[in-house]
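Working notes for the structure below.
Nothing in this text is a laboratory measurement; each read-out follows from the coordinates by a stated rule. Note that the structure is predicted; figures quoted are calculated from it, not measured. Counting neighbours? That spans all protein chains shown, and the Cβs are built from the backbone with ideal geometry, glycine included.
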Amino acid sequence: MITIEQCRGARGILGWTQQDLADASGLSKTAINNFEKGHSDIKAESLRAIRMAFESTDIEFIGESGVAKKTESFKIIRGEFALSQLIDDMHKTIKNTETEILISFVDENLANRLTTQKIFKHIEFIKNNNIKQRILCFTGSDSILSPTEECRWISEDYKTIATTTYIYGDKIAHELWDQSMIIVTRSVDAAKSERARFEKLWQAATIPEELSNNSQRAINNN
């Protein structure tokens with residue numbers, strides 16, 4: 001299931017204290033401490049809870065003693081609130097990294113699919129973490145998620161061949177056309193490749209004067 005050495009190793013990789021593991025697994029700190037010291041038997045259900053807590057953070061267990069951080073993984077977000085959940089994952093992934101959010105193939109409905117509270121939370125997150133955000137919108141679209149972001153227009157011809165893509169940290173998220181499902185891939189190499197593609201599209205895109213003016217007015221008002 002999971003050995004004492006694997007448990008300690010996984011905590012070391014994540015920088016978790018015993019209390020962090022206790023909080024993530026739903027067990028007590030005393031139970032974690034006793035397990036790692038080998039002072040008491042531990043139930044199979046508790047071992048599963050510990051393993052699941054680690055695996056939810058992309059830790060993988062190799063054989064009877066190995067432990068490592070996955071370099072690649074994917075997950076699927078489904079349902080009416082998939083976009084809102086993606087924003088939450090975005091914040092969790094890039095908090096305190098001063099990185100950049102890149103969003104491409106966006107229409108005018110993006111901001112309308114989020115609550116006002118979620119948009120304000122996103123704006124506050126960007127501001128507090130020195131995050132830059134750039135969006136490639138379809139021509140004629142005004143899809144502002146933050147007053148400080150940069151927007152450019154790309155041809156509406158892409159509407160028939162592309163889906164909205166989000167790049168943040170080492171993750172890429174692709175939204176299906178019916179917007180009911182988002183596939184999130186975690187891969188350093190894939191994210192690097194997608195950033196390069198975004199940059200090529202960005203350089204070829206049009207700078208819409210009205211969007212630039214709107215953004216500047218919003219910045220001044222803040």
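A few points about this structure:
- Largest GNM mean-square fluctuation across Ser46, Ser141, Ser84, computed for the chain with C-alpha springs under 10 Å, falls on Ser46.
- Links that overshoot a 24 Å alpha carbon limit, given the list Lys132/Lys200; Lys92/Lys200; Lys95/Lys192; Lys70/Lys95: Lys92/Lys200
- Using Cβ point charges alone (K and R +1, D and E -1), the dipole size of the chain about the Cα centre works out to roughly 520 debye.
- Order of Val67, Val188 under a 10 Å beta carbon neighbour criterion, fewest first: Val188, Val67
- Between Thr97 and Ala196, the distance separating the two model label sites (each 7 Å from Cα on the Cα→Cβ line) works out to 1.9 nm.
- Estimated purely from DSSP H runs of n ≥ 4, each contributing -39500 (n - 2.57), the mean residue ellipticity at 222 nm for the chain is -13500 deg cm²/dmol once divided by its residues.
- Degrees separating the helix 188-204 axis from the principal Cα axis of the chain, which is the longest one: 10
- Inter-label distance, nm, simple model (7 Å from Cα along the C-beta direction), Ala68/Ser40: 3.5
- The Cα center of the range 78-108 and the Cα center of the range 145-168 differ in position by 13 Å.
- Across Ile101, Ile59, Ile126, mean-square fluctuation computed from a Gaussian network of the chain (C-alpha pairs under 10 Å connected) peaks at Ile59.
- In the range 89-135, GluC sites (Glu not before Pro) in a DSSP loop with at most 11 other beta-carbon atoms within 10 Å: Glu98
- Ordering of 129-136, 25-32 by burial proxy (mean other Cβ atoms within 10 Å per residue, highest first): 129-136, 25-32
- Computed E for Arg113/Asp58 - FRET, C-beta separation, R0 41 angstrom, nearest 0.05: 0.90
- Overall, the anisotropy analysis places the range 69-133 in the oblate class: the square-rooted eigenvalues a ≥ b ≥ c of its C-alpha gyration tensor yield a/c not less than 1.5, with a/b not exceeding b/c.
- Euclidean distance between Cα centres, the range 183-203 to the range 1-59, Å: 35
- Relative to the longest principal axis of the Cα atoms of the chain, helix 44-55 runs at roughly 30 degrees.
- Over the chain, relative contact order from alpha-carbon pairs under 8 Å, at least 6 apart, %: 18
- Antiparallel bridges, percent of DSSP beta bridges restricted to the range 98-204 (to nearest 5): 55
- Only Cα sites of the chain enter the Debye sum here, all with the same form factor; the resulting log10 I(q)/I(0) across q = 0.11 1/Å is -0.65, listed in q order.
- For the range 121-177: rounded, prolate or oblate by the Cα gyration tensor [a/c cutoff 1.5]: oblate
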